[in-house]
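Read-outs throughout are calculated quantities, based only on the coordinates presented, and are distinct from any laboratory measurement. Owing to the predicted nature of the structure, the values given are computational and were not obtained by experimental measurement. Neighbour counts are summed over all protein chains in view; Cβ atoms, including those assigned to glycine, are modelled from backbone coordinates with ideal geometry.
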Amino acid sequence: MTKRMGVDDILEIARKNRAFLSGITVSGGEATLQLKFIIALFEAIKADPDLRHLTCFVDTNGHLGPKGWARLLPVTDGVMLDIKAFDPGLHFRLTAQDNSKVLASAHTVYAAGKLSELRFLAIPGKTDTANEINRLAQFLKSFDAGIRVRLNAFQHHGVRGQALDWPKMEKAGIEHIMAELNAAGFNNVITPALYL
C-alpha cells in the first residue's frame, strides 16, 4: 500500500502525535531518492515551534553523491548508513551498484559529525566471510573506536528473486562477526533482537 503525502500532511501527523515523538527517521526503499522532499520536510520541522525539538534522521544505502550530501547534511541530525559488502565485485552482484560512493558517503557523513551508525548486512556465504569481516574491521579503523555498528542478519522477509534461495543468517553467525569486531577493538556493536 502506498499513500501520497506532502510536507504539510506529515507535519499535521507529527503535531497530533508530538507527545509521543522524540524524532523522525525517513527510510525506504532508498529515502534519498526523494532528496528535495526530505530537505523540505526537515526544514519545515526545524522551523515549526511545536516540532523543532524533534530529531531528523535519514536511513540510507549511502549512494548519494557529494552535492546531495552538501544539501542534506545541514538539515539532518543523523544518518544511519548501510554497507552491503566491501568487495566491489560482491557489492555489485548484490546491488547492481558500485560501492565507492557508499564508502565515500560514510566518510563524508562522519566528517560532518552526523554518522549515527554504520549498518552491515550479514549474508551467509557472501558477506560473512573472513575477507569481508576483515575489510569491515579495517574500514572501521578509519573512524573513532566508539563508532556504532549494527549487524543486520539476512532474512527472507521482503526478499524476492534468487535471494529467496539464500540461507538465513543465524544468531551464531552474527555472534561470530561481533566477536571478530570486538577483538579488533570495536565494542559498540548492536545485534538483532529477533531472528525470524
Cα-based Rg then Dmax for the stretch 82-196, in Å, read 13.7, 40
Note on the stretch 50-138: C-alpha Rg/Rh, Kirkwood Rh, two decimals, gives 1.03
Mean 1/r over distinct Cα pairs of the chain, inverted to a Kirkwood Rh in Å, yields 18.0 Å
Expressed to one decimal in nm², the mean projection of the alpha carbon convex hull of the stretch 61-110 is 3.2 nm²
Protection proxy (average C-beta count within 10 Å per residue), highest first, orders 184-195, 1-12 as 184-195, 1-12
Taking Lys and Arg as +1 and Asp and Glu as -1, residues besides T25 with C-beta under 14 Å from its C-beta add up to -2
For the stretch 112-176, shape from the Cα gyration tensor axes a ≥ b ≥ c, cut at a/c of 1.5 then a/b versus b/c, turns out prolate
Of all C-alpha pairs within the stretch 1-117, those more than 19 angstrom apart amount in percent to 49 percent
Residues whose modelled amide H sits under 5 Å from the amide H of I24, counting only those 5 or more places away in sequence or on another chain, are T55, C56, F57
Filtered hits (lysines, Cα-Cα < 24 Å from K168, offset >= 8 within chain) -> K84, K126
Per-residue ellipticity at 222 nm attributable to helices in the chain (runs of n ≥ 4 DSSP H, -39500 (n - 2.57) apiece, nearest 500 deg cm²/dmol) works out to -11500 deg cm²/dmol
Expressed in Å to one decimal, the Kirkwood Rh of the stretch 1-60 from all distinct alpha-carbon pairs is 11.9 Å
